[in-house]
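Novice: Sending over a structure as structure tokens; questions will come in a sec.
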Amino acid sequence: MAATIRKDFYQKDNTVCATFYVKNIKADSSTIDITEHQLHIKLDTPNGVLKETYELFNAVEPDKCSFKIMSTKLEVKLCSTTFIKWTSLEKPVNDNASVPATTVNLTTTSGDTSSVHTYPSSSVKKQPADWNKLETDLIKEEKEEKKEGDEGLNQLFQNIFKDGTPEQQKAMIKSFTESGGTVLSTNWDEVGGKKVEVQPPDGMEFKKWDN
């Protein structure tokens, strides 16, 4: 089928991190298959199943690859068999295998010599990608991704605690512990001089279990 998934990628050393932007992926019924030369994606969503196969730019080591499904995207980490720079996620359709690679010898300060393969560039010059910016943007996006339910609530509490003063953190720990998790206060003046009582939600009654 025609490509329907928006994607991008960045490379660090011989690791290529690809991101596929699809919302509401059903992780249990989706499959990701990585072979030496191909990436097979089958993503189950409320709007249907998306299937795509990518002929990878360079061979990878499947046992060292991994993937992670999140609520708004799929992240795949590919371990390339070489350190050559990927100019795209997929192998070019008109890849000219008859044109040999050029070998450039690099001498390190210790005197060791290594070889790096370079490949003929297209006649159309492209602006080089800023890999560091891509990586930073992806990390920022993941941090800003909104969590839902208990996960989102826990994340909110963690952020409040992390950014609070020592006095606010002390108040949060005391109020949460003494109230059995029903009260969370950042005001030490309010909770510091007394025991924080349990405050169950409206319509519910707190009862102690007999030992």
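Novice: Can you confirm whether Lys42 is in the same structural domain as Ala59 (by TED's automatic domain parsing) and surrounded by 13 or more Cβ atoms within 10 Å (Cβ to Cβ)? Give the steps one after another, and end with the answer.
Specialist: Working: in the same structural domain as Ala59 (by TED's automatic domain parsing): yes; surrounded by 13 or more Cβ atoms within 10 Å (Cβ to Cβ): yes.
Yes, satisfied.
Novice: Restricting the range 53-92 to residues that are touching a residue at least 40 places away in the same chain (Cβ under 8 Å) and among the polar types (S, T, N, Q), which is surrounded by the most Cβ atoms within 10 Å (Cβ to Cβ)?
Specialist: Checking each candidate, the answer is Ser80.
Novice: Among the strands (runs of 3 or more DSSP E) confined wholly to the range 1-57, which include 3 or more residues that are among the β-branched types (Val, Ile, Thr)?
Specialist: Numbers: elements: 6-12, 15-21, 31-34, 38-45, 48-55.
Strands (runs of 3 or more DSSP E) meeting the threshold: 15-21, 31-34.
The values are calculated or read from the model by the stated rules, or taken from the named source; none is laboratory data. The structure displayed is predicted, hence computed values, not measured ones. Positions of Cβ are generated from backbone atoms using ideal geometry, with glycine treated the same way; all protein chains shown enter the neighbour counts.
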